[in-house]
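Have a look at the structure below, then the notes.
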Amino acid sequence: MGNGILVLCEHEAGQFKKTAFELLSKARELAAELGGPVHALVLGDAPAAELGAWGAARVYQATGLPFENTGPKVRALQAAVAAAAPAVVLAPASLGAKDAFPRLAARLGLGMASEATDLRVEGGALVARRPMYAGKAFADVRVKSDPALVTVRPNSFPVPAKGEGSAEVVPLAVELQDGDLAAKVVERQAASSNVVDLTEADRIVSGGRALKSKENFDKVIRPLAAVLGATPGASRAAVDAGYAPHSEQVGQTGKVVNPSLYIACGISGAIQHLAGMRTSRIIVAINTDPEAPIFQHATYGIVGDLFEVCPALTEALGSAMK
Amino acid sequence: MKVGVCLKQVPATDSRIQVKDPAAGVDTSDVKWEINPYDEFALEEALKLKDDKKASEVVIFTFGDKAAEAKIRDGLARGADRAVRIDDPALQGSDALGIARALAAAAKKEGVDILFCGKQAVDDDQAQVPAMVAELLGWPQVLAVDHIDYGDGSLRARRPAGGGATEVVEAPLPVVISCDKGLNEPRYASLRGIMMAKKKKIAVLGVGDLGLDPSQVGAAAAMVAESNWSEPPPRPPGRILEGDTPQVVAELVRLLREEAKVI
């Protein structure tokens with residue numbers, strides 16, 4: 001039987017992502033009940049020892065391979081599972097983990113739970129609570145394999161203050177095999193702005209059909225998002241009408257989001273949109289129609305014209321946040 | 001070149017999902033079924049390859065019982081040539097890996113060069129099966145793509161990489177591709193297509209036909225178990241702010257700061 005929890009800690013050019021701290025802190029809490037150590041896995045160059053301050057006792061670090069590709073990532077996970085022999089492997093539900101975890105599961109014959117939003121220990125085993133049907137239903141998932149693989153949706157757990165201590169860093173040897181680099185990233189286009197991705201965003205400002213044009217969307221929604229340091233989002237209706245790109249769609253056929261603050265402007269609240277954002281902690285709705293379903297889910301509602309309310313809000317927040 | 005498409009039928013995205021019994025899961029007796037929206041992009045991509053004479057045959061793969069045939073017919077009506085439906089009592093209760101084993105065996109048996117899947121099924125939202133199938137076949141994968149350029153024996157697929165960034169992945173065939181919104185505009189079935197679909201063949205394959213080890217699939221092999229289903233917890237009732245625009249805006253800013261503490 002495996003012992004303890006191994007956490008895949010992701011970083012961007014050496015800077016650990018918030019998900020690394022969220023998962024390590026949660027892992028420490030779970031390990032207190034499950035037993036066993038909390039170990040981390042870092043792929044590539046990043047200050048691995050720092051993770052000790054977030055709860056990792058030991059960090060397995062693999063370097064020198066093109067980890068932007070799925071093949072090497074899976075190979076490294078496989079090596080880390082062999083070295084750490086954990087009972088549970090946690091990763092953020094990121095692009096990279098979505099590529100690698102199911103392959104790891106198939107290779108080692110393991111079970112996997114995707115995009116958990118809560119984790120707890122029951123009867124000595126890990127239970128993952130996860131949304132399905134884009135959040136229209138939830139269920140507990142138990143993974144019987146050893147280890148169990150679980151990905152966790154970003155922003156599911158708070159990030160505590162940085163603690164003390166430094167982790168033991170153990171270099172992890174990873175040997176690539178034939179075919180590991182059959183699929184290769186050959187081109188990367190950076191984002192035109194440096195906003196956080198919707199799925200990881202802590203604040204989101206979304207616009208709907210009521211914006212009426214791309215120009216209005218750019219003039220009303222984006223400045224409000226910018227003043228909050230929020231990521232812009234859009235309803236399916238707004239995306240289908242061409243007001244915003246697909247990458248900004250929130251809902252069952254777009255991104256499922258989990259921010260602290262979600263501001264919905266001119267969005268009626270169709271069931272498939274609600275599905276994508278209902279777990280947001282605070283929801284603000286701005287809509288002319290007092291009967292719009294979005295108001296039943298809003299923490300705070302303003303019945304009014306978004307073309308009046310949003311610019312006023314942008315201005316008020318602009319001075320409030322200085 | 002022969003291409004495969006994995007199709008799943010799921011409750012329509014505008015369905016209300018109800019949980020009547022926490023042990024039984026979602027009550028689907030009253031939902032309208034549709035082809036998983038992401039699988040529609042997968043099917044369209046395969047059909048475009050056929051239109052462009054790059055693919056000679058498009059085969060649909062579905063894991064499911066007889067009831068799934070209505071949506072398979074819809075796929076055939078849009079232009080797929082035939083279908084394989086995987087159904088066997090021994091497969092009941094399979095988890096994602098069990099389903100992936102069955103689909104991988106079927107794709108191998110058919111000898112497809114590209115297997116198109118949806119990015120995820122919008123019912124269980126796991127997004128596990130495409131990568132599992134790729135691993136089981138020993139093929140590369142490119143997941144959640146929104147543009148593909150086809151080369152000779154290889155392809156280049158672009159995918160959103162978060163926050164508006166994109167990456168392009170090059171992979172040789174055979175390959176598993178999972179499809180995101182934006183890849184194409186799915187077509188509707190024509191009347192002629194609907195008529196022709198009635199004569200197209202849906203083969204039903206079981207564990208034996210696929211050469212699967214019965215101990216590797218079905219409920220006994222499943223390592224993932226769901227329980228304690230519920231609908232989402234109701235949100236506490238909200239508050240409609242009253243007053244003219246400057247008043248409500250000022251009140252909202254105050255609430256966000258002092259009560260909600262999110263700014």
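Some observations on this one:
- Distance between region A:121-176 and region B:59-81 - C-alpha centres, whole angstrom: 36 Å
- Residue (of B:111, B:207, B:127) at the positive-pole extreme of chain B, dipole from beta-carbon charges: B:111
- Charge tally in the Cβ shell below 13 Å around residue B:248, where Lys, Arg are +1 and Asp, Glu are -1, residue B:248 excluded: -3
- Compactness relative to 2.2 N^0.38 Å, alpha carbon Rg of the protein assembly as shown: 0.96
- Cα-based shape type of region B:2-221, given that a ≥ b ≥ c are square roots of the gyration tensor eigenvalues and the cut on a/c is 1.5: rounded
- Charge dipole magnitude, Cβ of K and R +1, D and E -1 - chain A, Cα centre, debye nearest 20: 400 debye
- Packing-based order for B:198-207, A:5-14, A:122-131, using average beta carbon neighbours within 10 Å, highest first: A:5-14, A:122-131, B:198-207
- Taking Cα centre as origin and charging only the Cβ of basic (Lys, Arg, +1) and acidic (Asp, Glu, -1) residues, the dipole magnitude of region A:97-172 rounds to 340 debye.
- Accessible-area rank, largest first, for B:188, A:60: B:188, A:60, with all protein chains present and a 1.4 angstrom probe.
- For region B:2-221, the solvent-accessible area works out to 40 Å² per residue, with a probe of 1.4 Å and every protein chain left in place.
- Taking all protein chains together, B:82, B:239 sort by accessible area into B:239, B:82, largest first [probe 1.4 Å].
- Bridges between two residues of region B:1-131, per DSSP, are antiparallel at a rate of about 30%.
- Contact order for chain B, expressed relative to its length and based on alpha carbon pairs under 8 Å spaced 6+ residues apart, stands at 25 percent.
- Prolate/oblate/rounded call for region A:269-322, Cα gyration tensor, a/c under 1.5 rounded: oblate
- Rounded to 5, the percent of DSSP beta bridges in the protein assembly as shown classed as antiparallel: 35 percent
- For region B:147-263, the Rg and Dmax computed from alpha carbons only, in angstrom: 26.6, 71
- Computed accessible area, residue B:38, all protein chains, 1.4 angstrom probe, square angstrom: 0 Å²
- Along its first, second and third principal axes, ordered by size, region B:99-202 spans 43, 35, 29 Å in Cα coordinates.
- Taking all protein chains together and a 1.4 Å probe, the residues B:99, B:35 rank B:99, B:35 from largest to smallest accessible area.
- Directionally averaged shadow of region B:6-45, computed from the convex hull of its alpha-carbon atoms, nm²: 3.3 nm²
- Charge context of residue B:220, other residues only, Cβ under 14 angstrom, K/R +1, D/E -1: -1
- For the protein assembly as shown, the dipole from Cβ point charges (+1 on Lys and Arg, -1 on Asp and Glu) about the Cα centre works out to 720 debye, to the nearest 20.
- Summing +1 for each Lys or Arg and -1 for each Asp or Glu among the other residues whose beta-carbon sits under 13 angstrom from that of residue B:176 gives -1.
- Qualifying GluC sites (Glu not before Pro) for region B:221-252 [loop in DSSP, other Cβ within 10 Å: at most 15]: B:242
- Between A:230, A:109, A:157, the Cα set farthest toward the positive side of the dipole of chain A (charges on each charged residue's Cβ, about the Cα centre) is that of A:109.
The values are calculated or read from the model by the stated rules, or taken from the named source; none is laboratory data. Computed from a predicted model, the values in this text were never measured in an experiment. Backbone-built Cβ (ideal geometry, glycine too); neighbour counts: all protein chains shown. We work out accessible area using only protein heavy atoms, side chains counted, and drop any ligands, DNA or RNA first. Shrake-Rupley method; radii C 1.70, N 1.55, O 1.52, S 1.80 Å.
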